[in-house]
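Q: The structure is given below, and queries will be raised subsequently.
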Number of protein chains: 4
Amino acid sequence: MSRLATFADGVFAIAATLLILSVDGQVGDERIGGQLTHAWPSYVAYAVSFVTIGIMWMNHHTVMTQIGRVDRRFMLATIGLLMCIAFVPFPTRLLAEHIRDSSARDAALAYGFTMTATAVFFNAVWFYAARGGRLLREDADPRVVAGITRTYLPGAWIYLASTLVAFASSTASALLYLALAALYVFESSLFGGKASAD
Amino acid sequence: MSRLATFADGVFAIAATLLILSVDGQVGDERIGGQLTHAWPSYVAYAVSFVTIGIMWMNHHTVMTQIGRVDRRFMLATIGLLMCIAFVPFPTRLLAEHIRDSSARDAALAYGFTMTATAVFFNAVWFYAARGGRLLREDADPRVVAGITRTYLPGAWIYLASTLVAFASSTASALLYLALAALYVFESSLFGGKASAD
Amino acid sequence: MSRLATFADGVFAIAATLLILSVDGQVGDERIGGQLTHAWPSYVAYAVSFVTIGIMWMNHHTVMTQIGRVDRRFMLATIGLLMCIAFVPFPTRLLAEHIRDSSARDAALAYGFTMTATAVFFNAVWFYAARGGRLLREDADPRVVAGITRTYLPGAWIYLASTLVAFASSTASALLYLALAALYVFESSLFGGKASAD
Amino acid sequence: MSRLATFADGVFAIAATLLILSVDGQVGDERIGGQLTHAWPSYVAYAVSFVTIGIMWMNHHTVMTQIGRVDRRFMLATIGLLMCIAFVPFPTRLLAEHIRDSSARDAALAYGFTMTATAVFFNAVWFYAARGGRLLREDADPRVVAGITRTYLPGAWIYLASTLVAFASSTASALLYLALAALYVFESSLFGGKASAD
């Protein structure tokens, strides 16, 4: 189980760190002053995606504290989740580059469907482990388990709805992605003061 | 031994995460709508290679649960295996980009030979460790050991055969790679319900 | 807590290793002799940023030795810190490429603000954990705690001052960044002889 | 100490995995058949550098088994070593691309000086830890310690000599790098049969 966590940490960390390549690609070789200002959507997209991946890592961490054993199906579902996480840098670049041009809708859809798929896999990982307590620890905390179950289910639907908004307005869709990341940060800041040894 | 696992986890995780760079390179700067659709082989190749690397990581994990000690030859064989794993993103990009043009055969061969070499190194790692129980744990599970031995040997031959099919049809060869990944997923889903603490 | 350290180690390690991509981009395909010499600011920037990230990793390591438990707010602050660390390769490339042209000031500002933001997040991580001993270990070393508190506070102001120097002279600003890295190395070499098991 | 190992493992793993980007850059978008054959020096360089980094990782692993505690100077020396390791993908690309053109000497020198600097830092790490048993474990194995001391010292000189050969012939120099990697593999294969639990 610890190796699964190491592998997952690796993919989370690399996917988050690769996000900077998209920012980097936006600023060329000459007279960078104007480009640095003009590239502001890249910075926003970098921050939103980095924080979103970071929050997902935190959630994965919380899930794993309740898991007592793993099987190959669980590992496979985790690999599917990581496949989505590692995909995030690509639609992040698309959204940052195209939010101001005629491809904004396509970029917003690509970003949103990636996030929706990630949320779906998160649910698959969690409900496979939690159903009937299949892979939970003997001493799993019932409140934590109930809390995860309660917050994960709507996650995929909220991302799907935010994605579909792009058909009406890609800007509104992008603002919703931003609001979701801000909401997660706000919620963790407000209610995240309970310390644990792990 | 734990450091060997950490190093291996790192290479597996990075190689899998770097796969997204190939997808990213397929979609340029303007009017991405059409490109996003046209790049579908990139998504398939991304998913197939990510899942294949993920399954290989799972198999490496299973092998390491049966290993009780390591020596420099074993580490060297593992480095050879990781050298193949880290190579995978390159033929994956080739296959995704060229499956629809006149270079399809070359790309299918490059992908297939990489996978074959990976399977050969997997066998080298395993049989060096398992022959006469050289590096196995005292309490290695005989059924797991027999299971690994039984499934690894044909792996290299199956990939070699799928590779050689490219001389007749590169599409058939690519479909075989896809089928192999699907088979691994199917097999893990079907028989992977046995939980273990590690 | 150990998973937070693993995730952080991953981001530190990847951000440091990605720095080489900026050096690589400076040397093209033909007659590399002259380019290799002309690219010297890239080597300096690579070394300064690698060592700076390395020292930050050491400092994060020292902080974590005094931490006994974590909460979601602390993890969130750490994610913010890592977001800055992972950003470093981008302004490092800008500074290396433009220190000799008319964009030197923009590049020096980008580098300096990134370092200032990193130092601010370092303070946020530390003071959230240390205030009233909130997340410190029972047996935290009071001298180490006092030492971190004493050295972190001025760090952000020193980087901010070095950044603002760029409005007068970008070369002076860059030399200050270099001097700060050299100072950290010198200080660790001089006073860093106290061994610990962790 | 375990976090130092994790950080080091990360840099070793990423530097090794990034080597594939150089191979990837050699094969463009059309009619790849000829390019795949013509790029053979990239494959050789990939294999040589991957194996060399892998062997260095093994040596670092061996060193760390004898180390019982760390201090900031030791961490700093390790950061210097990792700075060289992370640099390797750059001269590897240069050597692979230019061994057949008029820049072969520059590329061979860049590769050789990087390897020499790496070997120098390896000596710094080791002799700082081993002098007077400063950071060694209480139960360090005297034969392993003596063995490391005996083999590390000549390493830097041998790489320096191989580098300087490039002034006479860059092909001879490249063949020496290849021979050194082959020698390490051969030596590990021949004498590396002693198992250890770590």
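The values are calculated or read from the model by the stated rules, or taken from the named source; none is laboratory data. These numbers were taken from a predicted model, which means no experiment stands behind them. No Cβ is skipped: glycine too gets one built from the backbone with ideal geometry, and neighbour counts run over all protein chains shown. The area values use the complete protein model at the heavy-atom level, side chains included, leaving out ligands, DNA and RNA. Shrake-Rupley method; radii C 1.70, N 1.55, O 1.52, S 1.80 Å.
Q: Output, in nm with one decimal and in ascending order, the distances from the residue C:31 label point to the matching label points of the other copies (7 Å from Cα along Cα-to-Cβ).
A: Values, ascending and in nm: 2.8, 2.8, 3.9.
Q: With a 1.4 Å probe, what is the total accessible area buried between chains C and A, in Å² rounded to the nearest 100?
A: 3500 Å²
Q: If we hang a label 7 Å off Cα along the beta carbon direction at residue D:175, how far is it from the matching labels on the other copies, in nm, shortest first?
A: 4.9, 4.9, 7.0
Q: Taking the full set of protein chains and a 1.4 angstrom probe, give the accessible area of residue A:194 in square angstrom, rounded to the nearest 10.
A: Surface accessible to solvent at residue A:194 totals approximately 150 Å².
Q: Oh, and also: Which whole-angstrom value gives the distance between the alpha carbon centres of the range B:126-198 and the range B:1-17?
A: With the range B:126-198 and the range B:1-17 each reduced to a Cα centre, they are spaced 19 Å.
Q: Rounded to two decimals, what ratio of Rg to Rh does the range D:63-135 give with C-alpha atoms and a Kirkwood Rh?
A: 1.16
Q: Set the Förster radius R0 to 30 Å, insert the Cβ-Cβ distance between residue A:102 and residue A:182 as r into 1/(1 + (r/R0)^6), and round the FRET efficiency to 0.05.
A: The pair residue A:102/residue A:182 has a calculated efficiency of 0.65.
Q: Kindly give the distances from residue D:149 to its copy-mates, label point to label point, with each label point 7 Å from Cα along Cα→Cβ, as nm values to one decimal ordered shortest first.
A: In nanometres, ordered from closest: 4.5, 4.5, 6.3.
Q: Oh, and also: Quick one: Cα convex hull volume of the range B:132-198, Å³ per residue?
A: Dividing the Cα hull volume of the range B:132-198 by its residue count gives 113 Å³.
Q: Given R₀ = 60 Å, what would the calculated FRET efficiency be for residue A:171 paired with residue C:195, taking r from the Cβ atoms and rounding to 0.05?
A: E(calc), rounded to 0.05, equals 0.60.
Q: Which residue, C:42, C:173, C:188, has the most motion in a Gaussian network model of chain C that connects Cα atoms within less than 10 Å?
A: Fluctuation is largest for C:188.
Q: Just to verify a number: what accessible area does residue B:30 come out at with the full protein assembly present, 1.4 Å probe, Å² rounded to tens?
A: 140 Å²
Q: Go from 0 up to the bin containing the longest alpha carbon distance in the range B:116-171, width 10 Å each, and give me the % of pairs per bin.
A: Percent of Cα pairs in each bin: 23, 41, 22, 11, 4.
Q: With the dipole of chain A worked out from charges on the C-beta (+1 for Lys and Arg, -1 for Asp and Glu) around the Cα centre, which of A:44, A:92, A:117 lies farthest toward the positive end?
A: Farthest along the dipole direction, towards plus: A:117.
Q: Further, regarding this structure: Given bins 10 angstrom wide, list per bin the percent of all Cα-Cα distances in the protein assembly as shown, short to long.
A: Whole-percent P(r) values from 0 Å outward: 2, 13, 24, 28, 22, 9, 1, 0.
Q: To continue, here is another question. Keeping every protein chain present and rolling a 1.4 Å probe, give me the accessible area per residue for chain A in Å².
A: 39 Å²
Q: Compute the relative contact order of chain A as a whole-number percentage, counting only Cα pairs closer than 8 Å that sit 6 or more residues apart in sequence.
A: Across chain A, relative contact order equals 24 percent.
Q: In a GNM of chain B with a 10 Å cut-off on Cα contacts, which of B:61, B:38, B:98 has the highest mean-square fluctuation?
A: B:38
Q: Still on this structure: Rounded to a whole number, what % of the accessible area of the protein assembly as shown do carbon and sulfur atoms account for, probe 1.4 Å?
A: Whole-percent figure for carbon plus sulfur exposure: 66.
Q: Could you tell me the extents of the range B:22-64's C-alpha atoms along the three principal axes, largest first, rounded to whole Å?
A: In descending order, the Cα extents are 48, 14, 8 Å.
Q: Restricting things to Cα coordinates, could you compute the convex hull volume per residue of the range D:18-100 in Å³?
A: Cα convex hull per residue, to the nearest whole number: 87 Å³.
Q: Moving on. Which of the DSSP-defined H helices in chain A satisfy a minimum axial length of 30 Å, computed from C-alpha atoms, and a minimum mean Kyte-Doolittle hydropathy of 0.0?
A: Those that clear 30 Å and a mean of 0.0 are A:2-25, A:40-65, A:104-130, A:142-164, A:170-191.
Q: Still on this model: To check my understanding: the extent here is largest minus smallest coordinate of the Cα atoms along each principal axis. What are those three numbers for chain B, in Å, largest first?
A: Sorted from largest, the Cα extents of chain B read 60, 34, 33 Å.
Q: With springs only between Cα atoms under 10 Å, which of B:16, B:168, B:86 fluctuates most in a Gaussian network model of chain B?
A: Result: B:168 has the largest fluctuation of those listed.
Q: Is there a quick way to get the dipole size of the protein assembly as shown? I mean about its Cα centre, with the Cβ of Lys and Arg at +1 and of Asp and Glu at -1; what is the value in debye to the nearest 20?
A: In debye, rounded to 20, the protein assembly as shown gives about 1640.
Q: Based solely on its DSSP helices, what 222 nm [θ] is calculated for chain C when runs of n ≥ 4 H residues each add -39,500 (n - 2.57) and the sum is averaged over all residues, nearest 500 deg cm²/dmol?
A: -27000 deg cm²/dmol
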